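Here's the structure we're looking at; comments come further down.
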Amino acid sequence: MAFLRKKQPAVHPVRLIVGLGNPGPQYKRTRHNVGFDVVEALAAKHKVKLDIMRHQAQLGLGEVSGVAVALVKPLTYMNLSGRAVAPIAKHYGIQPEDILVVADDLDLPTGKVRMRAKGSSGGHNGHKSLIESLGTTEYPRLKIGIGRPGDATVDHVLSRFHPDERTDIDDAVARCIQALELWLREGFDAASRLANAGE
């Protein structure tokens, strides 16, 4: 008698980690896409394949630090990010406090990392969309400084980092990964102490 191969149970995530950015090769590695960079690096480290297309997003399901997660890259363009994230959260029954969003921040020096439990959009179009779609400002976020130019903000956020900034950004991505792992293992307070060290 042949034995049926038992299908592996699907991962049911209990937390979302969302990186904000714009889809398309022309935006890869730009200042506005550091959220994508963090999610891609975290996925690579923990061998989570970002191979699911669902709800206008690219996502991967797997375990990070022993916790079932969905890693999410909205493909809606930045100013409509909430249209991807809110349906994914609803699909998996995940509350806003369990959705951590990683994004760039013009008001922080390049490479500076800051973690907050909630807050306004701060003028960031991705956060504006998320707040509107989730109906709350109370979701945790990791901010990565990209510096603020005197003018031409749009050109700045869509530009790539200068070579002399790259080390600071690589260090920021690494710190974000550590903070995300700690958030999953030990919660927000422990993660924010690491992320905000030196404030």
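The values are calculated or read from the model by the stated rules, or taken from the named source; none is laboratory data. Treat the numbers as computed from the prediction; the structure is a model and nothing was measured. Ideal geometry is used to build each Cβ from the backbone, glycine not excepted, and the neighbour counts take in all protein chains shown.
Answer with yes or no whether Arg148 is surrounded by 14 or more Cβ atoms within 10 Å (Cβ to Cβ), among the basic types (Lys, Arg) and in a loop (DSSP other than H, G, I, E, B). Outline the logic, then answer.
Values: surrounded by 14 or more Cβ atoms within 10 Å (Cβ to Cβ): yes; among the basic types (Lys, Arg): yes; in a loop (DSSP other than H, G, I, E, B): yes.
Yes, satisfied.
Taking the conditions exactly as written (at pLDDT 95 or above, in contact with a Pro (Cβ under 9 Å, 6 or more places away or on another chain) and either of a type outside the set (D, E, K, R) or buried (at least 19 other Cβ atoms within 10 Å of the Cβ) (or both)), does Met78 satisfy them or not?
Working: at pLDDT 95 or above: yes; in contact with a Pro (Cβ under 9 Å, 6 or more places away or on another chain): no; either of a type outside the set (D, E, K, R) or buried (at least 19 other Cβ atoms within 10 Å of the Cβ) (or both): yes.
So Met78 does not fit the description; no.
Checking the conditions here, which among Gln95, Gln26 is without any contact (Cβ under 8 Å) to a residue 24 or more places away in the chain, surrounded by fewer than 16 Cβ atoms within 10 Å (Cβ to Cβ) and closer than 23 Å to Phe188 by Cβ?
Working: Gln26 fails: closer than 23 Å to Phe188 by Cβ.
Result: Gln95 is the single residue among Gln95, Gln26 that is without any contact (Cβ under 8 Å) to a residue 24 or more places away in the chain, surrounded by fewer than 16 Cβ atoms within 10 Å (Cβ to Cβ) and closer than 23 Å to Phe188 by Cβ.
Kindly indicate whether Glu138 is acidic (Asp, Glu), closer than 19 Å to Ile177 by Cβ and not in a helix (DSSP H, G or I).
Values: acidic (Asp, Glu): yes; closer than 19 Å to Ile177 by Cβ: no; not in a helix (DSSP H, G or I): yes.
Taking the combined requirement at face value, the residue does not satisfy it.
Suppose the filter is touching a residue at least 12 places away in the same chain (Cβ under 8 Å), part of a strand (DSSP E or B) and within 20 Å of Gly21 (Cα to Cα); does Lys118 pass it? Step through it out loud before you land on a result.
Numbers: touching a residue at least 12 places away in the same chain (Cβ under 8 Å): yes; part of a strand (DSSP E or B): no; within 20 Å of Gly21 (Cα to Cα): yes.
Considered against the rule, which asks whether it is touching a residue at least 12 places away in the same chain (Cβ under 8 Å), part of a strand (DSSP E or B) and within 20 Å of Gly21 (Cα to Cα), Lys118 comes out as no.
Note down all Cβ pairs under 8 Å where the first residue falls in the range 163-181 and is in a helix (DSSP H, G or I), the second is among the polar types (S, T, N, Q), and they're at least six residues apart or on different chains.
If the second residue must be among the polar types (S, T, N, Q), the pairs left are Glu165/Thr110; Asp168/Thr110; Ile169/Thr110; Ala179/Ser192; Glu181/Ser65.
Among the residues of the range 153-199, what is the count of those that are over 21 Å from Glu40 (Cβ atoms) and either touching a Pro at 6+ places or on another chain (Cβ under 7 Å) or β-branched (Val, Ile, Thr) (or both)?
Of the residues in the range 153-199, 4 are over 21 Å from Glu40 (Cβ atoms) and either touching a Pro at 6+ places or on another chain (Cβ under 7 Å) or β-branched (Val, Ile, Thr) (or both).
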